[in-house]
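Scroll down for the structure; my scribbles are underneath it.
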Amino acid sequence: MKIGMCMFLWTTAVTEEHEGLLADIRQTGFDGVEIPIFGGKPDDYRRLGALLDRIGLERTAVTAMGDPSMNLISPDAATRQRGIDYMKWAIDCAEALGADRLSGPLHSTLGQFSGSGPSATEIQHAISTQRAIGDHAGRHGVTIGLEALNRFECYLVNTMAGLAALVDAVDHPNIKAMYDTFHCNIEEADPIAAFTRYRDRIVHVHISENDRGVPGRGNIPWAETFRAIRQSGYDDWLTIEAFGRSLKDLAAATKVWRDFSDTPEEVYRDGFNHIRLGWEKAA
């Protein structure tokens with residue numbers, strides 16, 4: 001098992017200016033960080049990867065699409081193609097960074113709603129666009145971890161059952177699923193079963209408290225969650241995802257209107273210990 005920290009808590013553009021923070025994350029004991037990909041060029045991420053190598057941090061990548069002009073399930077073919085092009089760019093950046101997986105709600109536009117559930121046509125568009133994305137990801141050694149979001153952030157896939165059905169329909173080795181404790185706490189009648197039932201599709205796990213704050217201080221059933229994950233044989237990334245108000249656009253997208261901790265250090269230091277001890281107890 002590897003413990004990661006998503007950099008969303010501070011920024012959507014990690015640079016050399018964050019070297020001190022990254023070094024402290026490593027000193028805390030983290031194996032790696034999750035790097036947001038929202039702008040720049042592959043060369044920028046190649047330089048960042050070299051910095052992470054010097055610090056001793058492995059890395060995964062995360063992105064999202066909030067622009068309706070690149071919606072992957074749009075009825076307009078040109079709009080869908082812009083979404084595919086965005087994903088190809090993000091995959092290129094992830095490869096340059098040295099990340100072997102790129103996760104997030106990479107199936108549809110974040111925060112855009114039609115007023116009803118997904119149509120059969122939208123599902124077909126999702127299957128088609130994901131296959132095109134998967135082909136590019138496969139050529140670059142990157143696996144996509146699609147994320148089911150709660151009903152207030154998207155409508156295409158809200159549950160692990162819906163996500164697994166989409167992954168199965170896409171049927172591509174580079175298009176898989178990720179599990180997020182925050183979203184499952186909202187949408188799943190049994191969040192633990194939602195992990196174990198679809199374990200074979202899951203390539204990444206986000207550890208996120210029910211209030212998006214310090215893991216271990218809310219009402220997620222952590223003992224049962226860690227036990228289920230460990231007993232399933234999953235032995236990969238458990239990455240903390242927490243949010244604050246410092247990034248206005250991201251705070252608006254994730255509906256974050258207040259601070260969930262006194263300091264960011266609480267989130268990653270206490271969060272790291274929470275995962276480490278929870279994993280040990282689950283043995």
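Some points to look at:
- Pairs where the first residue, in region 110-131, is in contact (Cβ under 8 Å) with a residue 40 or more places away in the chain and within 14 Å of ASN150 (Cα to Cα) and the second is of a type outside the set (A, V, I, L, M, F, W, C) and exposed (fewer than 15 other Cβ atoms within 10 Å of the Cβ), C-beta under 6 Å, 6+ apart: GLN112/PRO68
- Of the residues making up region 213-225, one or more are surrounded by 22 or more Cβ atoms within 10 Å (Cβ to Cβ), assigned to a loop (DSSP other than H, G, I, E, B) and touching a strand residue (DSSP E or B) at 6+ places or on another chain (Cβ under 8 Å).
- Exactly one residue among ASP190, ASP100, ASP92 is of a type outside the set (Gly, Ala, Ser) and within 23 Å of GLY66 (Cβ to Cβ), and that residue is ASP92.
- Strands (runs of 3 or more DSSP E) completely within region 85-184 that count 2 or more residues being aromatic (Phe, Trp, Tyr), under 30 Å from GLU16 (Cα atoms) and touching a Lys or Arg at 6+ places or on another chain (Cβ under 8 Å): none
- Flag for LEU97 being within 30 Å of ILE192 (Cβ to Cβ), modelled with pLDDT of 95 or more and buried (at least 18 other Cβ atoms within 10 Å of the Cβ): no
- Some residue of region 78-89 being of a type in the set (Asp, Glu), over 29 Å from ASN185 (Cα atoms) and free of Cβ contacts under 8 Å to residues at least 12 places away in the same chain: no
- Single residue of region 25-80 satisfying the filter (among the polar types (S, T, N, Q), surrounded by 14 or more Cβ atoms within 10 Å (Cβ to Cβ) and closer than 22 Å to VAL267 by Cα) that is farthest from the chain's Cα centre (by Cα): THR28
- Residue in region 49-60 that is modelled with pLDDT of 95 or more, closer than 23 Å to TRP10 by Cβ and part of a loop (DSSP other than H, G, I, E, B) present: yes
- Test for ASN210: is it polar (S, T, N, Q) and either within 20 Å of TYR155 (Cα to Cα) or surrounded by fewer than 23 Cβ atoms within 10 Å (Cβ to Cβ) (or both): yes
- Qualifying residue in region 172-187 (condition: under 27 Å from THR121 (Cα atoms), among the charged types (D, E, K, R), surrounded by 17 or more Cβ atoms within 10 Å (Cβ to Cβ) and touching an Asp or Glu at 6+ places or on another chain (Cβ under 7 Å)): yes
- For beta carbons closer than 6 Å, sequence separation of 6+ or different chains, a first residue in region 11-23 that is at positive phi and a second that is loosely packed, with under 15 Cβ neighbours inside 10 Å and part of a loop (DSSP other than H, G, I, E, B), there are no qualifying pairs.
- GLU19 being surrounded by 22 or more Cβ atoms within 10 Å (Cβ to Cβ) and among the acidic types (Asp, Glu): no
- Residue tally, condition part of a helix (DSSP H, G or I), at pLDDT below 95 and crowded, with 19+ Cβ neighbours inside 10 Å, over region 226-258: 1
The values are calculated or read from the model by the stated rules, or taken from the named source; none is laboratory data. Here the structure is a predicted model, which is why all the values come from computation and not from measurement. When we count neighbours, we look across all protein chains shown, and the Cβ atoms used for this are built from the backbone with ideal geometry, even at glycine.
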